[in-house]
Amino acid sequence: MKFNAVLDNLKTYEAGKPIELVVREYGIDAKDIIKLASNENPRGCSPLVQEAVCREASKMNLYPDDSMYELKEKLAKRFNVKDTNIAIGAGSDQIISFGVHAKANKNNKVLMAHTTFAMYEIYARQTGTTILKTKSDQHNLDEFLEIYNAHDDIAVIFLCLPNNPLGECLDRKDVYAFLDQIDSETLVIIDGAYQEYGAFKDKNKEIKPQDVIEKYPNVLYLGTFSKAYGLGGMRCGYGIAREEIIQPLLKLRAPFNITTLTLKAAIVALDDEKFVQNSLKENFEQMKLYEAFAQELGFDFIESFTNFITLSFDDSKNSSEISEKLLKKGIIIRNLGAYGMNAIRVTIGTPEQNARFMKEFKDIYLDNLVS
Ligand SMILES: *Cc1c(COP(=O)(O)O)cnc(C)c1O
């Protein structure tokens, strides 16, 4: 059977390996496996959320409130915007998809950083659009602007702030200076999946959705409950923009696109700011240990404003081999070989998980690897 031609060259997204798969393929006991591959919160989620979801379980037979009134109200209050400025998705992934499908098509182009969140390209390719990428791995706004000015048909620009999988983050003032030069017909998607982390570490990185809405008619800001809030398994994210952007996005939304339990979890998660703050604090304390570890062993890392760190190696080591050997010991991390880098991305885990990673990694690293 023939399918739409855009699907021919489209790769399926490869998620971080689940623990279940490592149990099956390597015969390692699930309790001995640590997953530092998908930037989940290693501390779990707020206990308040767990209790609320358990109480809500008896309502699984009911569709959720499709207006998502309570969640939108809470988010609106948190970010000082109106509820009409908010779209809720099954993960912010779904909002990325809405944004791209609302704007991109085979007659225009989508611009993104060379090494950034893989889903931008996948969603964009679904529309038959042309993908443009900057040359540098990390976000470089001069390069973005140069490409933008050289084309008159760029429909969507992605800025991942902070960026996954490298962890770097542009300063807010530079982002705004860039946005000032972009035509209001171009949709700029600011992916703030790690904004809680970036803003915690450095206030110069903080992007407030309220400011973005006030200043820019063409910017869609994205946030998620999957990272700092520890709710990756619940699938909830949001987009914040002017109503003229939110309205068309909502036309792409399936009814009841998040579950009754998800809705409850997200609402309650917003009540436990302390949980989030503690997670952020521990994250950066632990990250310092990774930086010291890299210096001790003599390899590079990228300064990170997220809950993961990218470790990169010289030619004497091979990130694929390191990743494979770690996996055999039950440690799942992300090899960045697929991005053309000799590097791995490690999610900052609990203190125990990080200690175990460093111990096993050191043994592997000090072995001569290149075969
Ligand atoms: C994790 C992540 C997301 C969103 O994930 P969801 O679980 O779909 O909310 C979006 N962008 C980036 C860069 C991410 O790392």
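The values are calculated or read from the model by the stated rules, or taken from the named source; none is laboratory data. Given the structure is predicted, the values throughout are model-derived calculations rather than measurements. Counting neighbours? That spans all protein chains shown, and the Cβs are built from the backbone with ideal geometry, glycine included. These area figures cover heavy atoms from the full protein model, side chains too; ligands, DNA and RNA do not enter into them. Shrake-Rupley method; radii C 1.70, N 1.55, O 1.52, S 1.80 Å.
Just wondering, is there one or more residues in segment 285-295 that are part of a strand (DSSP E or B), within 25 Å of K359 (Cβ to Cβ) and open to solvent by less than 30 Å² (accessible area, probe 1.4 Å)? Looking for residues that are part of a strand (DSSP E or B), within 25 Å of K359 (Cβ to Cβ) and open to solvent by less than 30 Å² (accessible area, probe 1.4 Å), one finds none in segment 285-295, hence no. For segment 193-202, a residue qualifies if it is assigned to a helix (DSSP H, G or I) and over 13 Å from G223 (Cβ atoms), and the qualifying residues are F200, K201.
Of the listed requirements (1) in a loop (DSSP other than H, G, I, E, B); (2) without any contact (Cβ under 8 Å) to a residue 24 or more places away in the chain, Q181 misses just one: (2).
Restricting segment 70-94 to residues that are within 16 Å of the ligand (Cβ to nearest atom) and assigned to a loop (DSSP other than H, G, I, E, B), the residue that is nearest to the chain's Cα centre (by Cα) is G91. Of all residues in segment 18-38, none satisfies being open to solvent by 80 Å² or more (accessible area, probe 1.4 Å) and within 16 Å of the ligand (Cβ to nearest atom).
Could you identify the single residue in S320, S316, S312 that is among the small types (G, A, S), modelled with pLDDT under 95, open to solvent by 20 Å² or more (accessible area, probe 1.4 Å) and over 19 Å from the mean Cα position of the chain (by Cα)? Answer to the selection: S316. Can you find even one residue in segment 220-227 that is part of a helix (DSSP H, G or I) and either assigned by TED's automatic domain parsing to the domain that holds Q181 or surrounded by fewer than 20 Cβ atoms within 10 Å (Cβ to Cβ) (or both)? No.
Against the condition free of Cβ contacts under 8 Å to residues at least 40 places away in the same chain and open to solvent by less than 50 Å² (accessible area, probe 1.4 Å), how does L249 come out, does it pass?
no
Any idea which of Y120, Y148 is of a type in the set (S, T, Y), modelled with pLDDT of 95 or more and closer than 18 Å to R345 by Cβ? The conditions single out Y120.
The single condition among (1) open to solvent by 10 Å² or more (accessible area, probe 1.4 Å); (2) without any contact (Cβ under 8 Å) to a residue 40 or more places away in the chain; (3) closer than 19 Å to N218 by Cβ that I190 does not satisfy is (1). Whether a residue is small (G, A, S) and over 17 Å from K72 (Cα atoms) was assessed, and G233 passes this test. One residue alone among Y13, Y63 is under 30 Å from F284 (Cβ atoms) and assigned to a loop (DSSP other than H, G, I, E, B), and that residue is Y13. Selection of segment 155-170 for residues being out of contact with any Asp or Glu (no Cβ under 9 Å at 6 or more places or on another chain) and either near the ligand (Cβ under 9 Å from one of its atoms) or not in a loop (DSSP other than H, G, I, E, B) (or both) yields V156, I157, P165. Only one of the numbered conditions (1) open to solvent by 100 Å² or more (accessible area, probe 1.4 Å); (2) under 30 Å from R242 (Cβ atoms) is violated by L75, and that is (1). Among the residues making up segment 28-69, those that are farther than 24 Å from I258 by Cα and under 21 Å from the mean Cα position of the chain (by Cα) are I34, K35, L36, A37. When we screen E121, E206, E143 for residues that are closer than 17 Å to L222 by Cα and touching a Lys or Arg at 6+ places or on another chain (Cβ under 7 Å), the only hit is E206. Could you tell me whether S136 is small (G, A, S), away from the ligand (no atom under 16 Å from the Cβ), in the same structural domain as T259 (by TED's automatic domain parsing) and open to solvent by 60 Å² or more (accessible area, probe 1.4 Å)? No: the conditions fail for S136.
Taking L311, is it in the same structural domain as N354 (by TED's automatic domain parsing) and closer than 30 Å to V23 by Cβ? So L311 passes the test. Candidates R78, R125: the one that is within 24 Å of T262 (Cβ to Cβ) and in contact (Cβ under 8 Å) with a residue 40 or more places away in the chain is R78. Residues that are in a helix (DSSP H, G or I) and crowded, with 21+ Cβ neighbours inside 10 Å were ranked within segment 229-245; the one that is farthest from the ligand (Cβ to nearest atom) is I245.
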